[in-house]
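Data first, discussion second: the structure below is written as structure tokens.
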Amino acid sequence: MSTLPDQGQKAGYDVIVVGNGALGSSTAVELARRGASVCLVGRPHRPFAASTAAGAMLGCFGEVTTGLLDNTYGQAKFTLDLRAKDVWPQWLESISGGLSDGQDILTAKGTTVLLNSVGTGPIDSGNYEAIRATLDKHDEPWETVDPADVDWLDPDPNSRPLQALHIPGEHAVDSGRLLLRLTDTARALGVDLVDGQALSVVDEDGRARGVVLEDGRTLSAGQVLLAGGVGTQTLVDSVPGLGDCIPRLVSGVGISALVTLQDGTQPESVIRTPNRAFACGLHVVPRGAGRVYVGATNIVSPHPLADPVMGDLLFLLECAHRQTRRNLWSSTVSAVNVGNRPISLDGFPLLGESPLDGLWLMTGTYRDGLFLSPLLAKEFASRMLEGKGEQDLDAFAPERAPLQGLSRDAVVEATTEHTLATGYEQGWTVPTGWQEYFDVTLKPVWAQWADELDPDFTPQPDVLAAARTEPEIAKWLRTYYENSRAKFAAPHPAAPDTVRRHVERAAELLTAVRVPTGRADALELAAYVLEEPSAEATPDAALDAAMTEAQTGMFWALVGRRAEREPLEYLTGRAPFFDLRLDVGPGARVPQRRSETLVAEALAWCTAEQPRVVDLFTASGALAVAVAARRPGARVTGVDDAAALTWARRNARTAGAGDAVAFVEGKAGDPELLADLAGGVQLITAVVPSVPDRVQIAPELSAHQPRAAVRGGWDGLDAVRATAAAAARLLADDGVLAIEHDDALADQVIAVVREAGFDAVASRTDEHGHPRFLIARRSAA
């Protein structure tokens, strides 16, 4: 660790700070306060800097996302933000030269976060809830506000806010005035301000001894701090081999605009949305009477940009007037600024001493550089001058193996969500069906791209997306990953995903392909693979355990078949019915739990103690076996085709029905069917195929289950007519007919049954209130 005094130091400064943005200027000030001789190198106009274009919001809670706090490194970064929040009041006063307490450069009182109708649920709603939960966790004051009561806010009705919360402790400063005060303070403390650009680091015998400027001058020092944002990369590259295992810096290009309102108004607080669509969320920051700063954009670029991209500028201005205040449309754009946020290839800051003795890095802070500047200035001054610090920066040491904040699956999922969110935020007008198609097809694209980049490491979502279209970024990632493997070895293989994680991924896939019960089905398939009796009976411990390789292969094979809409019951080979566990498979209609209501109603109407029962369209034998079990002494005959009866006979044997249940191959419309029972049957049950041929139905029914067990002809009543005719022939006086039918045909089914000679007819509803069942009694002759 380098500390002062350095006995081998040549004539020059104690410390050279390269970069005169918020981070570099703040650190130069703090070093000088502690007695060091400091040189601050940078052009006065700060080309390619992030600070000059920043909204300068002094907040950490408004930046919270679900992804940030889902991993150790994100939590460590947020801890720094929390501590930086408390440093600002004293810091502003300390750089105000005794003229004020520093509050005069605050431009906003608090922050109002909007959840509006522009974003997407997983991102906007998720991040909004994450902000609220984090505020509560850290006891930060906040309040829910009615969006209609937010002063100055007047969005387009199509972009109206749905919810809002106000954080009174998160303010904003004027970044231009902040930088000016830092410069004045540095000058007053004796910091040597050098107008120039550093091109290379002087390396003498494995130690940094200064920098070489573009005009050829060499500045010497005992230590060098590189705090020049994305421009730091040039200096790292100037030392052969130094950057091999330091995540390279790319630029997060952001465009902001200063707008002068025609009506002379401005909000009192910052108004912003949660972070979204690979960017920082729309934010409006007051900048004086009748002036506001607006920002929202982020483009990951291999190199910094000086001029705005037309598409991003149009997008920014469109978002601003539609989502915050409509009369911004008629206001004046006074200035457009371009900032280049430093993003490391693994997405986390580079903070600490490099492998080259005496060379320090303070960059890669992405959107947090200005906000973190007072805290990091104090921390680095302590480390560089005293050899110790207070903050835990170990994870962010510049030379490191890639920090993997999220799993590959999570990165792919987030990349897909943010890609789609970009379209929604820009108001795309694609057909609704295409939106689902995009969701299903994009995820495999990003997953394949991540696999192509590297088998072990995965960059954060915005870098993954950028690397797809920026070959330089892809090349840099591959090189960094290879270098890291050579120096630090390959990462330990990730622990096998838990059953719960597999279920979550499967649920997402099934939901994306329109399986209506995606999560429940994924749980049931997992239970089947684990050899548990059902999803409900699967203990949490089993869900939290890892899946074996064999189980994983079996599970995903089943999920793939379910995604093709093969019935869940065909995949597991089982279906619950009352307390029975029925075997089912191709060739038999899948029994539904709602049919339990039909059995209960039928037995309530049929009072015979030892009834003769016929179950037409018996399929798996569910109703036949259930009736026999619930009315001891009943003799039941199930009727269906040969394929269905294979399953029905198996279920009768499994249930131990014995002679109480028998099966006959036949069709309900056959006038000779069960001729020997004519006039002697007390109860007929039938789940009749009654879906009209012209009606579209779920693929589980239309593509996989027997057509004859589902369709009822053009009007859906063919099987109903056959059943009514068979009942009229087979039932004894006061015999009961119980039919389950398509709920859209309730009145037509009643008419058919009455026409067949039944007077006492009642309709019953299922658990959803749909008229699904008909119960009729045959009158005595």
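The values are calculated or read from the model by the stated rules, or taken from the named source; none is laboratory data. All values reported here derive from a predicted model rather than from experimental measurement. We place every Cβ from the backbone using ideal geometry, glycine too, and count neighbours over all the protein chains shown.
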Discussion item. Six or more apart or on different chains, Cβ atoms under 8 Å: show the pairs whose first residue is in the range 528-553 and assigned to a helix (DSSP H, G or I) and whose second is surrounded by 11 or more Cβ atoms within 10 Å (Cβ to Cβ) and basic (Lys, Arg).
Written reply: TYR528/ARG574; LEU543/ARG500; ASP544/ARG500
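For every residue, the table says whether it meets (1) outside the structural domain of GLU417 (by TED's automatic domain parsing); (2) at pLDDT below 95.
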site	(1), (2)
PRO455	no, yes
VAL463	no, no
TYR481	no, no
PRO493	yes, yes
ARG505	yes, yes
ALA512	yes, yes
ALA520	yes, no
Worksheet item: When GLU740 is evaluated against the numbered criteria (1) out of contact with any Leu (no Cβ under 7 Å at 6 or more places or on another chain); (2) buried (at least 18 other Cβ atoms within 10 Å of the Cβ), which criterion, by number, is the only one it fails?
Response: (1)
Worksheet item: If you scan the range 254-291, which residues turn out to be in a loop (DSSP other than H, G, I, E, B) and basic (Lys, Arg)?
Response: ARG276, ARG287
Worksheet item: Of the residues ARG565, ARG593, which is among the charged types (D, E, K, R), closer than 22 Å to ILE775 by Cα and not in a helix (DSSP H, G or I)?
Response: ARG593
Practice prompt. Kindly check whether there is at least one residue in the range 610-629 that is out of contact with any strand residue (DSSP E or B) (no Cβ under 8 Å at 6 or more places or on another chain), part of a loop (DSSP other than H, G, I, E, B) and not acidic (Asp, Glu).
Written response: no
Worksheet, complete the sentence: Here the qualifying pairs (Cβ atoms under 9 Å; residues six or more apart or on different chains; first in the range 702-723 and farther than 16 Å from VAL584 by Cβ; second of a type in the set (Ser, Thr, Tyr) and not in a loop (DSSP other than H, G, I, E, B)) come out as ARG711/SER702
Discussion item. Looking only at the range 531-553, filter to residues that are closer than 19 Å to ASP583 by Cβ and among the aliphatic types (A, V, I, L, M); which one of those is surrounded by the most Cβ atoms within 10 Å (Cβ to Cβ)?
Written reply: ALA535
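Conditions tested, residue by residue: (1) closer than 30 Å to GLY427 by Cβ; (2) outside the structural domain of VAL211 (by TED's automatic domain parsing).
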{"site": "VAL15", "(1), (2)": "no, no"}
{"site": "SER26", "(1), (2)": "no, no"}
{"site": "ALA49", "(1), (2)": "no, no"}
{"site": "LYS77", "(1), (2)": "no, yes"}
{"site": "ASP81", "(1), (2)": "no, yes"}
{"site": "SER96", "(1), (2)": "no, yes"}
{"site": "VAL113", "(1), (2)": "yes, yes"}
Practice prompt. Read through the list (1) within 23 Å of PRO274 (Cβ to Cβ); (2) free of Cβ contacts under 8 Å to residues at least 24 places away in the same chain; (3) of a type outside the set (D, E, K, R), then give the number of the only condition that TRP449 fails.
Written response: (1)
Discussion item. Given the criteria surrounded by 21 or more Cβ atoms within 10 Å (Cβ to Cβ), outside the structural domain of TRP428 (by TED's automatic domain parsing) and farther than 19 Å from VAL285 by Cβ, does ILE123 qualify?
Written reply: yes
Worksheet item: So which residues in the range 260-277 are crowded, with 19+ Cβ neighbours inside 10 Å and either of a type in the set (S, T, N, Q) or under 30 Å from GLN197 (Cβ atoms) (or both)?
Response: GLN266, SER269, THR273, ASN275
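Of all the residues that make up the range 504-515, how many are in a loop (DSSP other than H, G, I, E, B) and either touching a Leu at 6+ places or on another chain (Cβ under 8 Å) or touching a residue at least 60 places away in the same chain (Cβ under 8 Å) (or both)?
We begin by selecting, within the range 504-515, every residue in a loop (DSSP other than H, G, I, E, B); these are 513-515.
Now narrow it down to the ones that are either touching a Leu at 6+ places or on another chain (Cβ under 8 Å) or touching a residue at least 60 places away in the same chain (Cβ under 8 Å) (or both): 513-514.
Residues meeting the conditions: 2.
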Practice prompt. Just need a number here: residues in the range 7-32 that are surrounded by fewer than 24 Cβ atoms within 10 Å (Cβ to Cβ), at pLDDT 95 or above and out of contact with any Gly (no Cβ under 7 Å at 6 or more places or on another chain).
Written response: 1
Item to complete: Kindly provide the set of residues from the range 630-645 that are in a helix (DSSP H, G or I) and buried (at least 18 other Cβ atoms within 10 Å of the Cβ), ordered by number.
Response: ALA644, LEU645
Practice prompt. Could you pull out the residue among SER159, SER200 that is on the phi < 0 side of the Ramachandran plot, assigned by TED's automatic domain parsing to the domain that holds ILE299, of a type in the set (Ser, Thr, Tyr) and surrounded by fewer than 24 Cβ atoms within 10 Å (Cβ to Cβ)?
Written response: SER159
Item to complete: For ASP307, state whether it is surrounded by fewer than 20 Cβ atoms within 10 Å (Cβ to Cβ), assigned to a helix (DSSP H, G or I) and touching a residue at least 24 places away in the same chain (Cβ under 8 Å).
Response: no
Worksheet item: Out of (1) closer than 30 Å to ALA320 by Cβ; (2) buried (at least 16 other Cβ atoms within 10 Å of the Cβ), what's the single condition that is false for ARG209?
Response: (1)
Discussion item. I'd like to verify a number: residues in the range 84-94 that are closer than 23 Å to LEU165 by Cβ and either touching a residue at least 24 places away in the same chain (Cβ under 8 Å) or not in a helix (DSSP H, G or I) (or both), how many?
Written reply: 3
Worksheet item: Consider GLY74 against the criteria (1) buried (at least 23 other Cβ atoms within 10 Å of the Cβ); (2) modelled with pLDDT under 95: it satisfies all of them except one. Which criterion is unmet?
Response: (1)
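Would you point out the residue of the range 95-105, among those that are surrounded by fewer than 19 Cβ atoms within 10 Å (Cβ to Cβ) and touching a residue at least 40 places away in the same chain (Cβ under 8 Å), that is nearest to VAL292 (Cα to Cα)?
The selected residue is SER96.
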Response to the item:
Conditions (1) surrounded by 24 or more Cβ atoms within 10 Å (Cβ to Cβ); (2) not assigned by TED's automatic domain parsing to the domain that holds SER373 -> ALA257 fails only (1)
Worksheet item: If you check every pair at least six apart or on different chains, which have Cβ atoms under 6 Å apart with a residue in the range 246-263 that is of a type in the set (Lys, Arg) first and a residue that is surrounded by 23 or more Cβ atoms within 10 Å (Cβ to Cβ) and assigned to a loop (DSSP other than H, G, I, E, B) second?
Response: ARG248/LEU345
Discussion item. Is it the case, given these coordinates, that GLY352 is among the small types (Gly, Ala, Ser), more than 27 Å from THR265 (Cβ to Cβ), surrounded by 24 or more Cβ atoms within 10 Å (Cβ to Cβ) and over 24 Å from the mean Cα position of the chain (by Cα)?
Written reply: no
Worksheet item: Filter the range 461-508 for residues that are hydroxyl-bearing (Ser, Thr, Tyr) and surrounded by 15 or more Cβ atoms within 10 Å (Cβ to Cβ); which is nearest to TRP449 (Cα to Cα)?
Response: TYR481
Worksheet item: Only one of (1) touching a Leu at 6+ places or on another chain (Cβ under 6 Å); (2) without any contact (Cβ under 8 Å) to a residue 60 or more places away in the chain; (3) in a strand (DSSP E or B) is not met by ASP733, so which one is it?
Response: (1)
Worksheet entry | Residues of the range 683-706 satisfying the condition of being closer than 23 Å to GLY621 by Cβ, out of contact with any Asp or Glu (no Cβ under 9 Å at 6 or more places or on another chain) and surrounded by fewer than 21 Cβ atoms within 10 Å (Cβ to Cβ) | LEU701
